[in-house]
Amino acid sequence: MSVLPSTDSCASTAGSGMVTTWALAGSTTAYAGTLSTDGYQVTATATWVDPLAPTTSVAGETPTANAEMALGTCVETLTTAGAVMAATVTDNGNFALCHFVYYQYMAGTVLLKAAQTGTNDWGASTYLTATQWGTAGSGLIGTSLNTATGGTAITSATWGMVLSPAAASGTNSITAGTKSWVWYQPTYATTYSSSVLRRYGGGYNNSTADQVKGYCVSGRTLAGNANLSAGIVAAATKVTLSGASALAAGAIAFGVAALAI
């Protein structure tokens with residue numbers, strides 16, 4: 001599922017965003033871990049290119065050399081009718097889920113800025129409340145993008161998060177290529193609190209499928225204390241989630257298919 005395809009100029013312009021896809025699949029083996037999941041995993045894959053070092057960033061800042069930056073993709077959850085969710089909604093996906101790469105401002109192969117999830121992590125995926133997301137990303141502030149204040153990080157301990165390429169000790173550069181975050185979906189619940197990761201659904205025969213909209217969040221400094229909305233650009237089209245192609249072993253076909261992306 002293309003959240004931000006290359007046809008969106010913000011996703012294919014250096015420093016503006018990243019071409020990003022989501023995919024979900026079940027395992028042929030029943031999940032045997034301790035997480036509250038039926039075994040479905042989400043894979044978010046972004047294409048990282050040289051963000052370049054122009055005099056002024058797309059977001060309107062003028063960073064100094066080696067300034068600590070964040071660049072990423074956010075995915076806003078809409079209602080089944082494609083409208084913006086009300087802050088009181090408790091039975092749909094998180095208001096937004098963001099994928100950020102953290103780096104130091106320079107041209108060429110850039111150095112990573114450690115994510116809040118670990119000293120060797122080049123990036124993190126976070127889920128946001130209605131307040132943290134705001135309207136079309138109006139809650140995003142540079143100073144909170146790499147902290148728990150700006151969103152709750154999905155970690156290996158909470159949902160089995162795995163980065164690819166793997167975060168390795170001694171590796172401090174971010175080279176061009178695909179960067180992926182893979183984590184387990186939580187089991188279905190009829191209602192969710194604002195502080196937990198929520199499940200995304202394709203709906204039975206896609207008749208009640210969730211809709212989402214991708215946003216490019218262009219490179220901005222982690223020291224910035226303003227929203228810089230000029231660098232937050234929505235995808236041209238909304239995306240309707242669809243059912244997973246495989247079921248986790250042991251799952252009830254109808255029930256799980258109705259809940260999967």
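The values are calculated or read from the model by the stated rules, or taken from the named source; none is laboratory data. What you are looking at is a predicted structure, and each value in this text was computed from that prediction instead of being measured. Every residue, glycine as well, gets a Cβ built from its backbone with ideal geometry; the counts of neighbours run over all protein chains shown.
Of these, ALA70, ALA59, which one is over 26 Å from GLY93 (Cα atoms) and in contact with a helix residue (DSSP H, G or I) (Cβ under 8 Å, 6 or more places away or on another chain)?
ALA59 is the lone residue from the list that is over 26 Å from GLY93 (Cα atoms) and in contact with a helix residue (DSSP H, G or I) (Cβ under 8 Å, 6 or more places away or on another chain).
Is it true that TYR188 is modelled with pLDDT under 90, under 14 Å from the mean Cα position of the chain (by Cα) and surrounded by 13 or more Cβ atoms within 10 Å (Cβ to Cβ)?
no
Can you find, within segment 52-82, the residue that is nearest to the chain's Cα centre (by Cα) among those that are of a type in the set (Gly, Ala, Ser) and modelled with pLDDT of 90 or more?
Selected residue: GLY72.
Give the residues of segment 116-126 that are surrounded by 24 or more Cβ atoms within 10 Å (Cβ to Cβ) and not β-branched (Val, Ile, Thr), sorted by residue number.
Listed by number, the residues that qualify are TRP122, GLY123, ALA124, SER125.
Among the residues of segment 140-179, what is the count of those that are within 23 Å of LEU52 (Cβ to Cβ), surrounded by 16 or more Cβ atoms within 10 Å (Cβ to Cβ) and small (Gly, Ala, Ser)?
Looking only at that region, the number is 1.
If you go through segment 16-30 one residue at a time, how many are under 17 Å from the mean Cα position of the chain (by Cα) and in a loop (DSSP other than H, G, I, E, B)?
Of the residues in that region, 4 qualify.
I need the full set of residues from segment 6-26 which are surrounded by 17 or more Cβ atoms within 10 Å (Cβ to Cβ) and touching a residue at least 40 places away in the same chain (Cβ under 8 Å), in order please.
Within segment 6-26, ASP8, CYS10, ALA11, GLY15, SER16, GLY17, MET18, THR20, TRP22, LEU24, ALA25, GLY26 meet the criteria.
With surrounded by fewer than 22 Cβ atoms within 10 Å (Cβ to Cβ), in a loop (DSSP other than H, G, I, E, B), touching a residue at least 24 places away in the same chain (Cβ under 8 Å) and of a type outside the set (Ser, Thr, Tyr) as the only criterion, which of GLY33, GLY93 stands out?
Going through GLY33, GLY93 in turn, the sole match is GLY33.
Hand me the list of strands (runs of 3 or more DSSP E) wholly inside segment 144-243 holding 2 or more residues that are among the β-branched types (Val, Ile, Thr) and closer than 24 Å to THR117 by Cα.
So the answer is 177-184, 211-221.
Out of all the residues in segment 96-117, which are hydrophobic (A, V, I, L, M, F, W, C), in contact with a strand residue (DSSP E or B) (Cβ under 8 Å, 6 or more places away or on another chain) and in contact (Cβ under 8 Å) with a residue 24 or more places away in the chain?
ALA96, LEU97, CYS98, PHE100, VAL101, VAL110, LEU111, LEU112, ALA115
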